[in-house]
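The values are calculated or read from the model by the stated rules, or taken from the named source; none is laboratory data. Bear in mind the structure is a predicted one, so any value in this text is a computation, not a measurement. Positions of Cβ are generated from backbone atoms using ideal geometry, with glycine treated the same way; all protein chains shown enter the neighbour counts. Protein only, heavy atoms only, side chains kept; ligands, DNA and RNA dropped before computing areas. Shrake-Rupley method; radii C 1.70, N 1.55, O 1.52, S 1.80 Å.
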Amino acid sequence: MDLAAPARSAPRRPSRSLVRVRVLGALGAVSLLGLGIVACGRVRADPQMLESSAPSGKPALPIDLPAADVLHASSKKVFAHYMTTFPVSIDNEPPGSDYYASQYLLPSGEDGKFAASGGFIRERPLTRNVSSASTWQLDDMETEVRRASAAGIDGFSVDLLSLNGDEWATVQRLITAAHAVDPQFSILLMPDSTTDTVDDPNVLAAKIAGIAANPAVYHLADGRLVVSPFDAENKSAAWWQSWIALMKSKYGITVAFVPTFLDYDSAAAFTSFSYGLSVWGDRSPESIVDTAAQARDAHARGKLWMQPIAVQDVRPTAGLFAESNNTETLRTLWQTAIDTSAEWVQMVTWNDYAEGTEFSPSSHIGWGPLDISDYYIAWFKTAARPSIVRDTVYLSHRIQPWAARPTGPQTEFMELKDGSSPARDTVEVLTFLTQPQTIEVTIGGSKRTYQAAAGESATTFPLATGTVSATVRYSNGATLTIASVDRVVDRPAVQDLQYHFASSGRDGVASGVPPTSSAPASSAPPTSTPATSTPATSTPATSPVPTNPPPTSPPPTSPPSTSPPSTSPAPSGIISTTVPAPTVPVTTAPAQTVPATTGPGTGASVSGVAVGLPPVPGSLHQH
């Protein structure tokens, strides 16, 4: 299914073909009233507007992220897939009435084009005030580069949707922004083979050659230009070989080719002339089980592997979603990248709001997925599990039972994608703790208490209507609380299957000063836990990124477990616990609802105002 053009000249990319599935993940239905999103919660505003957003004077993360120079110097590279069609602001209008608010989020927007599916998208980038600067578009892109760079991301893999018009101007603007903000931040070129970008190889070659010399465009250390087409197999291997030869013969540019496939079975035809291999990947625990095998296969072929990293995928206009099991998919994929010695990763995506896969700080997910990824980015890049130096709690949940039907006139609904894990209704509490602590969770008025282990652990509870919060209760009476601003309802205004996040590091409220721990949580996996299974230990990836030629070392011999969580332990070092339903009634979906289970580190958090954060000294981490 292709999306029709917008009602006016607002940038937007066409949807990827549903046949070449770019798996789905999370969206939330929305209706607006003034400045607030009524159906799915409030519109989050960036407290620093066009500047880097960070909590007011307090550290946001459970770890002290290594310095930017240290992270950039690592041979392991992290890219985030960037869509030129969803900038911070489309028109520089007030956030309550701009194009996102009046057209993309409303079912009636764009002359009702997407009314049947409840609107085009479900959330938006963090809002800002109207800018008086004529350079506001460039300023917005500098904000995005600043956020990504501060998280340890090395660059944006930019989807080249068009070689002309607004999309191409946006690519050029992004290259300028990257170099201005962080000379070590790069733009990885990714021609989109589902668009007319690849209609004429001569035009594609000329356009890429025209920007290739810019210092912000990503090259290997030996000077080769990296090109990683999306859905590479949509053009034949011979077509790409001819294009690579054209780049060399006409422009003197040597290309390091890293195709990103929708179907990894296409890799065999591309291996002989590729520097590395990648796959777009899926977004559900049961559908990502092949990723480790694909990584091993790429290494066996002597190629670099770029591992996909995703948090969720939910597509209202396509009528599909994948069950990501809160943050289980996110953390399983990161663990796979570490355990299989992936050289690069691609976070899929930075800002594709049409498919609900965004990591960029946004109105529903807040900073949750990006902040959680910081822990893994540090681990991935330094080959050492980070020490937890401050207690942090993340919540994640939907605002409705997955099978609930909305109260509005929406007539077309998202259904579970084939091959996905079963849909479920769960609240997840992901904790990063310096020592074991008592956690009190309140869901719909029902309170539950459990003991969380030191280190990283995830516990899930059945979803119930009402408010959601979690409190760390320390032995001396101090507390750290995070509360979701998004109430769970029986029937939303529009269908919203996106997981919402909240983080105590961003929005938490502390009462009292917690007891001082003698040392940070060990980098080794926790040894005592209430979990029902004991996680296996693992060794982080240590192999360097290949330069010239690609790696020829054999693949890792001990891949991580990627089986569904119901049959296998959580990834290395992650404590996973399932808490049964309370005795009070819980409003959830019909009989298909799967009992709450916890995936490998399921720690999402709801977008909103929190109630907890102990004042712990530490360096301020900003995005």
Give the carbon-plus-sulfur fraction of the accessible surface of segment 271-387 in %, rounded to a whole number; probe 1.4 Å, heavy atoms of protein chains only. 42 percent
As an exercise, find the ratio Rg/Rh for segment 155-210 from alpha-carbon atoms, using the Kirkwood inverse-distance average for Rh. 0.98
The base-10 log of I(q)/I(0) that the Debye equation returns for segment 286-404 at q = 0.15, 0.17, 0.24 Å⁻¹, one scatterer per C-alpha, is -0.74, -0.93, -1.49
Residues of segment 350-416: accessible area per residue with a 1.4 Å probe, Å²: 18 Å²
Mind giving me the FRET efficiency for Asn476 and Ser387? R0 is 22 Å, r the Cβ-Cβ distance, nearest 0.05 is fine. 0.45
So how strong a dipole does segment 102-214 carry about its Cα centre when Lys and Arg Cβ are +1 and Asp and Glu Cβ are -1, to the nearest 20 debye? 340 debye
Rounded to the nearest 0.05, what FRET efficiency is calculated for Ser511 and Gln172 with R0 set to 60 Å and r the Cβ-Cβ distance? 0.75
Of Lys76/Lys207; Lys77/Lys113; Lys77/Lys235; Lys77/Lys207; Lys250/Lys381, pairs whose Cα-Cα distance is over 32 Å: Lys77/Lys113; Lys250/Lys381
Return a whole-number percent for the relative contact order of segment 175-326, with Cα pairs under 8 Å and 6 or more residues apart as the contact set. 17 percent
Here the FRET efficiency for Lys248 versus Arg405, based on Cβ atoms and R0 = 51 Å and rounded to 0.05, is 0.35
How large is ³J(HN,Hα) for each residue in segment 178-190, as worked out from phi by the Karplus curve 6.51 cos²θ - 1.76 cosθ + 1.60 (θ = phi - 60°), to whole Hz, x for Gly and Pro? 4, 5, 6, 7, 8, x, 8, 8, 10, 10, 8, 7, 10
Roughly how many percent of the accessible protein surface of segment 143-203 is carbon and sulfur, given a 1.4 Å probe and a whole-percent answer? 43 percent
Tell me, what is the per residue accessible area of segment 109-215 in Å², probe radius 1.4 Å? 31 Å²
For Arg506, solvent-accessible area (1.4 Å; no DNA, RNA or ligand), Å²: 30 Å²
Expressed as a whole percentage, what fraction of the accessible surface of segment 405-467 belongs to carbon and sulfur atoms when a 1.4 Å probe is rolled over the protein heavy atoms? 49 percent
Between Asn164 and Val70, how many nm apart are label points set 7 Å from Cα along the C-beta direction? 5.0 nm
Say each of Ala206 and Gln184 gets a label point 7 Å from the Cα, pointing the same way as Cα to Cβ; how far apart are those two points in nm? 3.8 nm
Roughly what would the spin-label model give for Ser102 and Asp222, points 7 Å off Cα along C-beta, in nm? 5.4 nm
With every protein chain kept in place and ligands, DNA and RNA left out, what is the accessible area per residue of segment 263-336? Probe 1.4 Å, answer in Å². 20 Å²
